[in-house]
Structure formats: structure tokens, C-alpha cells
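Engineer: Right, I'll just put the structure down here and ask away after.
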Amino acid sequence: MSLTAEQLFAVKGLVIIITGAASGLGLAISQTMAANGADVILVDRNEKELRRVSEEIIPGAEVAPVDVADSDAIRRIVDGVVARKGRLDVMFANAGISGGAGIRSPQGRIENVDLAAWSEVLAINQTGAFATLQAAARHMKAQRSGRIVVTASVGGLRGATATAYAYAAAKAAVVNLVRQAALELATFDVKVNAIAPGFFRTGLGGGRLLDETHTAPLEAIVPMRRLGMPHEIAGVSLLLASPAASYITGSIFTVDGGITAA
Ligand SMILES: NC(=O)c1ccc[n+]([C@@H]2O[C@H](COP(=O)([O-])OP(=O)(O)OC[C@H]3O[C@@H](n4cnc5c(N)ncnc54)[C@H](O)[C@@H]3O)[C@@H](O)[C@H]2O)c1
């Protein structure tokens, strides 16, 4: 069977939910899916930005202002989408927050790790990601099809001085959650994969990744000597949502300018 690129990467008409869709990588993924004809539902806790996106950037996109740390709320949103549309084809569990300072900064050192901040990062980046995966998997298992794509991080694949403890722990957790879910759901034709970005210029961490004084030392860590731009996540997101990934599950895709090659 030989397919054209258009057939291989087709997402037209698919019902796709993206969390953390109002900014950065989630917005880039949402734009990619919408530009290719998917029926997108944008989830984010930043209601104002979410509405701006659906008015100015992806006109007419359905929005759901929800905090993924609220597992009941995310489940209600997913159940509502399935009730209205009859199915859910792809879930991008992408919402996440920064863990703050890395271990080289005084605030990031082990003796200074604040356990309240630690808990917030785990509540969103780990439990929130799992609740999103769980809410989607319930329906996908029943319909015997679907794709789940979790945004992990290279910070969850190995130790790194730029990474905070909580962030490293939560992202490592989601990497293995993806593998666990891939195993359970494989025979239900539900594929579960992760994207592990390196450093991207997004709003993560309150704008630090847009600030040259903060990004210059990060660029020095990257073999390509630059940060990624949000649109550079588009290709792998389209791959994982499309027929091209029909035999891919339990995989972690690094998109990092070469960081993990070192
Ligand atoms: N930017 C990077 O360098 C980088 C690197 C590795 C991984 N990541 C991961 O990529 C994902 C997207 O981050 P980004 O870089 O685009 O950052 P971003 O801050 O630009 O976008 C994140 C979006 O998620 C939303 N969000 C945060 N917490 C939420 C919650 N509890 N419920 C619902 N929405 C929530 C925010 O409002 C924001 O719109 C995150 O999981 C992040 O950890 C980013």
C-alpha cells in the first residue's frame, strides 16, 4: 500500500482535545490540527487567552476553560465532548507549568525546595496529565480506537542542572505513565505516546524562556545552539495524531535540538 503524504498525515474531521491550548506548544499543536481540518476543542485554565485564541487565532474553535488539576472538571469536559460528538479521536495532554529554578540556582537547591510549590507542580504536571489521560482512555477503550499524546520533557529523561526537582520528578512520571497506558491500551487500538521537548520559546515560567538573559546559558547547552520555536513541535504532533503513526505506541519523541544526544 502506498499512501500520499496527504493520506498519511490526515487528521481532517478528527475530534481532538488539546489541553494547555492557549499558549506556546499547545497553541502550536492546536493551530496545526485546525489548519489540517480537525475539529479542535481547546482546554486551558487561562480563560481570557483561550477566548482570544478562539476569536483571533483559530476562529470558531470550541473552548473549555478548565484547570487540569481538577480531575472531575476535566472528566466532565471530555464526557461532554464525547456525548455531543459521538467520539474522541485524539487527546493532547499538554498543559503544564514550570517547576521554577533549576538545581544550580540557590532557590532550586535541595534544602530550599518548597513542598507547597512541589505539590502544585505535581498536581498539574503529573496528576493533571494522568487525569486527562484517564478521562480520554475511558472513552477510547470503549470505542476501541484513539490516540493520546502527552507532553513530557527532556527534563524527565535524565538529570539536568536547568531543571527543578518537582519538574524532573513529574515529567519522569508521565514518561512512564505513557508506557504503562500504552501497554494496557495496545489491544484496544489506542496508542499512547509522549513528546519530550527540549527548550522552547514559550510563556512557560512567566516569560523566562523569552528573556535573552535567561535563554543565553540554555542555548549553550543545546547542540543546535538555539531554543526551539513553538511551530517546530507541529510535525511530530501531526505524526502522532495521524495514520502515519498506526504502529507507534509507548514511544517518547525527543524534539530538543540534540540535547539528549549528548
Ligand atoms: N517550553 C519548553 O521549553 C518546554 C520544554 C519541555 C516541556 N514543556 C512542556 O510543554 C507543555 C506546554 O508548555 P509551554 O512551554 O507551551 O508553556 P506555556 O506556558 O506557553 O503554555 C502552557 C499553557 O498551559 C496552561 N496551563 C497551565 N497549567 C494549567 C492547568 N492546570 N490547567 C489548564 N491549563 C493549564 C497555561 O495557561 C498555558 O496556556 C508543558 O507541559 C511543559 O511542561 C515545555
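Any read-out appearing in this document is the output of simple, stated calculations on the displayed coordinates, not a laboratory observation. Because the structure is predicted, anything quoted here is derived from the model rather than measured. Cβ sites come from the backbone with ideal geometry, for glycine too, and all protein chains shown count toward neighbours.
Engineer: Go through Gly37, Met140, Val236 and say which Cα lies farthest out towards the positive end of the charge dipole of the range 5-257; charges sit on Cβ, +1 for Lys and Arg, -1 for Asp and Glu.
Structural biologist: Positive-most Cα among the choices belongs to Met140.
Engineer: Hey, what angle do you get for helix 71-85 against the long axis of the chain, alpha-carbon based, 0 to 90 degrees rounded to 10?
Structural biologist: 30 degrees
Engineer: Students often forget the sequence filter, so: which aspartates and glutamates lie under 12 Å Cα-Cα from Lys12 once same-chain residues fewer than 8 apart are removed?
Structural biologist: In chain and number order, the partners are Asp39, Asp89.
Engineer: Regarding the range 131-171, what are the three Cα extents along the principal axes, ordered largest first, in Å?
Structural biologist: Extents along the principal axes: 43, 14, 10 Å.
Engineer: Something else: At most 15 other Cβ atoms within 10 Å and a DSSP loop assignment: could you name the trypsin sites (Lys or Arg not before Pro) in the range 29-100 that fit? All intermediate terms of the calculation are to be shown ahead of the outcome.
Structural biologist: Numbers: sites: Arg45, Lys48, Arg51, Arg52, Arg75, Arg76, Arg84, Lys85, Arg87; in loops: Arg45, Arg87.
Listed in order of number, the matching sites are Arg87.
Engineer: So, one more: With a ≥ b ≥ c taken as the square roots of the eigenvalues of the C-alpha gyration tensor of the range 18-92, please select rounded if a/c is under 1.5 and otherwise prolate if a/b is larger than b/c or oblate if it is not?
Structural biologist: Numbers: a/c = 1.71, a/b = 1.17, b/c = 1.46.
Judged from the Cα gyration tensor, the range 18-92 comes out oblate (a/c at least 1.5, b/c at or above a/b).
Engineer: Above 18 angstrom, tally the Cα pairs of the range 113-262 and express them as a % of all pairs, no decimals. Intermediate values should be presented prior to the final figure.
Structural biologist: Details: 6710 of 11175 pairs.
The calculated P(r) of the range 113-262 puts 60 percent of pairs beyond 18 Å.
Engineer: Give me the distance between the Cα centres of the range 215-262 and the range 11-52, rounded to whole Å.
Structural biologist: If you average the Cα positions of each part, the centres end up 19 Å apart.
Engineer: In whole percent, what relative contact order does the chain give with Cα contacts below 8 Å and a gap of six or more residues? Please list the in-between numbers first.
Structural biologist: On the way: 524 pairs, mean separation 52.3, N = 262.
Reported as a whole number, the value is 20 percent.
Engineer: Please give me the summed charge of the neighbours of Ala69: other residues whose Cβ is under 13 Å from its Cβ, Lys and Arg +1, Asp and Glu -1. Walk me through the numbers on the way to the answer.
Structural biologist: Working: positive: Arg45, Arg75; negative: Asp44, Asp67, Asp70, Asp72, Glu120.
Charge balance near Ala69 sits at -3.
Engineer: Which value, in debye to the nearest 20, describes the size of the charge dipole of the range 5-257 about its Cα centre when Lys and Arg Cβ atoms bear +1, Asp and Glu Cβ atoms bear -1, and nothing else is charged?
Structural biologist: 500 debye
Engineer: A follow-up question, please. Once the Cα gyration tensor of the chain is diagonalised, what are the square roots of 5 times its eigenvalues, in whole Å and ordered largest first, as equivalent ellipsoid semi-axes? Don't skip to the answer; put the middle values down first.
Structural biologist: Working: eigenvalues 162, 78, 70 Å².
Over the Cα atoms of the chain, the ellipsoid semi-axes are 28, 20, 19 Å.
Engineer: Can you give me the C-alpha center-to-center distance between the range 153-210 and the range 122-148, rounded to a whole angstrom?
Structural biologist: So the separation of the two Cα centres works out to 15 Å.
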